[in-house]
1. First measure r as the distance between the Cβ atoms of Val71 and Asp123, then evaluate 1/(1 + (r/R0)^6) with R0 = 22 Å and state the FRET efficiency to the nearest 0.05.
2. First measure r as the distance between the Cβ atoms of Leu27 and Val110, then evaluate 1/(1 + (r/R0)^6) with R0 = 25 Å and state the FRET efficiency to the nearest 0.05.
3. Arranged from highest to lowest average of other beta-carbon atoms within 10 Å per residue, in what order do the peptides 22-32, 111-121, 36-46 appear?
4. Can you tally the net charge around Tyr86? Count Lys and Arg as +1, Asp and Glu as -1, for every other residue whose Cβ sits under 11 Å from the Cβ of Tyr86.
5. What is the sum of charges, Lys and Arg at +1 and Asp and Glu at -1, for the other residues whose Cβ falls under 14 Å from the Cβ of Thr41?
Amino acid sequence: LFALSDGLVENYNQNAEPELRVYPGDLILDVSGVRDPEGITKKLDECLEAWSFVVQSMPTQEVVFLKKEGVEMGMTLGMQHSGTLYVRTVKERGLAADYNHANPGAPIEVGMRIVSVNDVRSDVQKMVQ
């Protein structure tokens, strides 16, 4: 799932608990009993009023940074059309390195995706501000 637009999924998300919502980056595994990618695409193209989805949410890790005056984030980010950011590099100094030092079992690594910044999702321009 690359992006959400107005429609059934967006309507579902408005009433669903946050942990049950569908987000960009989630994988659609099944639509109304169809599991193969071509069949899923065909099923989604049909103008139905309702579908049943099986969605696998991407594993996430919550990382909280406190902005400190004069301290760099310590990583470079890339933007994806899916409305997410990804970690391009992690520098040896900065908040990311400090986090990694304090959390060696769950470090920030190149390739990780950032799906939300300060409760902003899907708008990469606002996420990097």
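Every read-out reported here was derived from the displayed coordinates using simple, explicitly stated rules and does not represent laboratory data. Treat the numbers as computed from the prediction; the structure is a model and nothing was measured. All Cβ positions, even for glycine, are placed from backbone atoms using ideal geometry, and neighbour counts span all protein chains on display.
1. Using R0 = 22 Å, I get an efficiency of 0.30.
2. The pair Leu27/Val110 has a calculated efficiency of 0.70.
3. 22-32, 111-121, 36-46
4. Charge balance near Tyr86 sits at +1.
5. Within the 14 Å Cβ shell, the charges total -2.
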